[in-house]
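The values are calculated or read from the model by the stated rules, or taken from the named source; none is laboratory data. Quick caveat: nothing in here was measured; it's all calculated off a predicted structure. Ideal geometry is used to build each Cβ from the backbone, glycine not excepted, and the neighbour counts take in all protein chains shown.
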Amino acid sequence: MENKKNEPYEIVELCLLAGKIMLQNGAETYRVEDTMDRIAAFYDVGQAHSYVTPTGIIFSLDGVEPTKLIRILKRNTDLAKVTAANSISRQITSGALTAREAIKQLKELEKKDLSYPLYQQLLAAAISSACFVIMFQGNWNDLLPAFISGGAGFICFYFIHELIEVKFFAEFLAAFVIGLLAFSLTELGIGHQADKIIIGSVMPLVPGLLITNAVRDLMSGHLVSGLSKGADAFLTASAIGTGIAVVFAIY
Amino acid sequence: MIGQLITSFFATAGIGLIFNIPRRSLISSGIVGMAGWFVYVVLYENDFDAVLATLVSAFFIAIISQYFAKRYKVPVIIFSVGGMIPLVPGGIAYYAMRRFVENNYNEALQLAAKAFMLSGAIAVGIILSEVLNQTIKKLGGR
């Protein structure tokens, strides 16, 4: 009987908030739709219809409520928030949270900054760049140059992305810096195989999440989302490739 | 081989950290990456085609990720995303780009086609695991 006290308006707000947080932080489209539909089904407020694309959510409940639309302008990758929103939605559907509490928690989650400190991210990017050199049959003596250029590429991407909010340009410049550094380090005698250093350093920028999500979405029938995420991945890959190509043209 | 295992663990966990996966999942995501890379390297060194090695490895990664996701009750992507990254044909795409810039279009196109095939193999691997997962769910639900 508790459920009947909730206003449909509140449920719509709850669903949209959960969906928005998940979509903005890099969840797959089908997961977003599934979460919203499950919450609506739990409160038994009539058939829910959701239409999710990477740039917006349309959500409506059968009955008197008007259809709601949310525009998603900024997207980034923050899987910690996706996980947190997912566990809140699990708590809702198991009845552990009331709608009002859930809205409060989701609003807090939206404002929270769950990301790792910048130095840890930088270190992770540098270490994984160095490791990729070994994985791609590079020499152990290229470990340090890849560590340097991978870290520099990442920090470059981070700050340019903060400064000018054009993701593709930031990727382009980061790849350019990586290429330049790798060739300079090889020239100075610190690096040995510039090719391997570049390949390793570029890996943290590769759009892996977009590719996996694009395939998942296409498979589950979300053709529009899948294709647009695929286009996003393709553009990112081209931006990285162009950045490197410019370095080749110089050298 | 040991070097490969250690580096693949740190590389995938590092990628996971950049994607901001929760701290307690970092180690398991590294293990997923290590296992996937192990499969790839073993197949590749035993003269299997790179496309097949990528496909099998992607399939394997997706399967373990689904298992971990069920076990820890978190979204699948947390585990699969780090593991898939090493399989992305970054090296071949790089060489293709290099040949293009050097006006060596014949070789460039060959390499680009290969990179395309490898990306397709990753996709097919994910798809196969998804199909398997859904089949198990359907059969289990009966």
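Numbers at a glance
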{"quantity": "Test: residue in the stretch A:56-69 that is within 14 Å of chain B (Cβ to nearest Cβ), under 21 Å from the mean Cα position of the chain (by Cα) and under 30 Å from A:A231 (Cα atoms)", "calculated": "no"}
{"quantity": "Residues (in contact with a Leu (Cβ under 9 Å, 6 or more places away or on another chain), under 30 Å from A:L14 (Cβ atoms) and more than 8 Å from every other protein chain (Cβ to nearest Cβ)) located in the stretch A:110-154", "calculated": "A:E110"}
{"quantity": "Of residues in the stretch B:1-34 being in contact (Cβ under 8 Å) with a residue 40 or more places away in the chain and among the aliphatic types (A, V, I, L, M), the one farthest from A:G208 (Cα to Cα)", "calculated": "B:M1"}
{"quantity": "Sole exception among (1) free of Cβ contacts under 8 Å to residues at least 60 places away in the same chain; (2) in a helix (DSSP H, G or I); (3) surrounded by 13 or more Cβ atoms within 10 Å (Cβ to Cβ) for A:L114, by number", "calculated": "(2)"}
{"quantity": "Members of the stretch B:19-36 that are buried (at least 22 other Cβ atoms within 10 Å of the Cβ), in a helix (DSSP H, G or I) and more than 16 Å from the chain's Cα centre (by Cα)", "calculated": "B:S25"}
{"quantity": "Neighbours by Cβ (under 9 Å, 6+ apart or cross-chain): first from the stretch A:119-141, closer than 15 Å to A:L205 by Cα; second not in a helix (DSSP H, G or I)", "calculated": "A:Q121/A:S115; A:Q121/B:N20; A:A124/A:Y116; A:F132/A:G138; A:V133/A:N139; A:V133/A:Q193"}
{"quantity": "Some residue of the stretch A:30-43 being more than 14 Å from chain B (Cβ to nearest Cβ), touching a strand residue (DSSP E or B) at 6+ places or on another chain (Cβ under 7 Å), among the charged types (D, E, K, R) and farther than 30 Å from A:Y116 by Cα", "calculated": "yes"}
{"quantity": "Hey, A:V177 in contact with a strand residue (DSSP E or B) (Cβ under 6 Å, 6 or more places away or on another chain) and part of a helix (DSSP H, G or I) or not", "calculated": "no"}
{"quantity": "Contacts under 6 angstrom Cβ, first residue in the stretch A:227-241 being within 19 Å of A:I178 (Cβ to Cβ), partner at pLDDT 90 or above and among the charged types (D, E, K, R), 6 or more apart", "calculated": "A:T236/A:E171; A:A239/A:E171; A:I240/A:E171"}
{"quantity": "The stretch A:127-159: number of residues that are farther than 19 Å from B:R23 by Cβ, part of a helix (DSSP H, G or I) and either assigned by TED's automatic domain parsing to the domain that holds A:T77 or among the hydrophobic types (A, V, I, L, M, F, W, C) (or both)", "calculated": "18"}
{"quantity": "Residue match in the stretch A:70-79 (condition: in a helix (DSSP H, G or I) and closer than 26 Å to B:I15 by Cα)", "calculated": "yes"}
{"quantity": "Conditions (1) surrounded by fewer than 20 Cβ atoms within 10 Å (Cβ to Cβ); (2) over 30 Å from B:R23 (Cα atoms); (3) not polar (S, T, N, Q); number of the one not met by A:G56", "calculated": "(2)"}
{"quantity": "Helices (runs of 4 or more DSSP H) fully within the stretch B:37-142 counting 1 or more residues that are within 27 Å of B:R24 (Cα to Cα)", "calculated": "B:50-72, B:77-84, B:105-141"}
{"quantity": "Those residues of the stretch B:1-16 which are within 17 Å of the chain's Cα centre (by Cα) and facing chain A (nearest Cβ under 7 Å), in sequence order", "calculated": "B:Q4, B:T7, B:S8, B:F10, B:A11, B:G14, B:I15"}
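For every residue, the table says whether it meets (1) under 30 Å from A:R31 (Cβ atoms); (2) more than 11 Å from chain B (Cβ to nearest Cβ).
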{"residue": "A:E162", "(1), (2)": "yes, yes"}
{"residue": "A:V177", "(1), (2)": "no, yes"}
{"residue": "A:L181", "(1), (2)": "no, yes"}
{"residue": "A:G191", "(1), (2)": "no, yes"}
{"residue": "A:A194", "(1), (2)": "no, no"}
{"residue": "A:G208", "(1), (2)": "yes, no"}
{"residue": "A:A214", "(1), (2)": "yes, no"}
